[in-house]
1. Condition first: among the acidic types (Asp, Glu) and not in a loop (DSSP other than H, G, I, E, B). Now tell me which residues in the range 1-52 satisfy that.
2. Given the structure, is ALA21 surrounded by 14 or more Cβ atoms within 10 Å (Cβ to Cβ), touching a residue at least 12 places away in the same chain (Cβ under 8 Å) and of a type in the set (A, V, I, L, M)?
3. Suppose the filter is farther than 25 Å from SER9 by Cβ, in contact with a helix residue (DSSP H, G or I) (Cβ under 7 Å, 6 or more places away or on another chain) and at pLDDT 80 or above; does SER38 pass it?
Amino acid sequence: MDISVDNYSQALRALKRQKLAVERTLGARSNEECVVASRWVGAWQKLVQARLDRNLAAQAAPSRYGDRAGRLLH
């Protein structure tokens, strides 16, 4: 699977933010702060997963301008 540098950096940034969000949840001082942080973690995870699914679907979908062998259609 070919991963461009841009996709790699975006994935790395997403993982770092996810890690920080989990640490914030675990280090919460109050129950309310923990609930807010865990909601943020869940929302961020859904956002990242939706983007990954969309990117995967875009890669799997055949192009209107090319065939499966990668040749351009005119």
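The values are calculated or read from the model by the stated rules, or taken from the named source; none is laboratory data. Quantities reported herein were computed from a predicted structural model and do not represent experimental measurements. FYI the Cβ positions are ideal-geometry reconstructions off the backbone, even for glycines, and counts take in every protein chain you see.
1. ASP6, GLU23, GLU32, GLU33
2. Working: surrounded by 14 or more Cβ atoms within 10 Å (Cβ to Cβ): yes; touching a residue at least 12 places away in the same chain (Cβ under 8 Å): yes; of a type in the set (A, V, I, L, M): yes.
So ALA21 fits the description; yes.
3. Spelling it out, SER38 is indeed farther than 25 Å from SER9 by Cβ, in contact with a helix residue (DSSP H, G or I) (Cβ under 7 Å, 6 or more places away or on another chain) and at pLDDT 80 or above.
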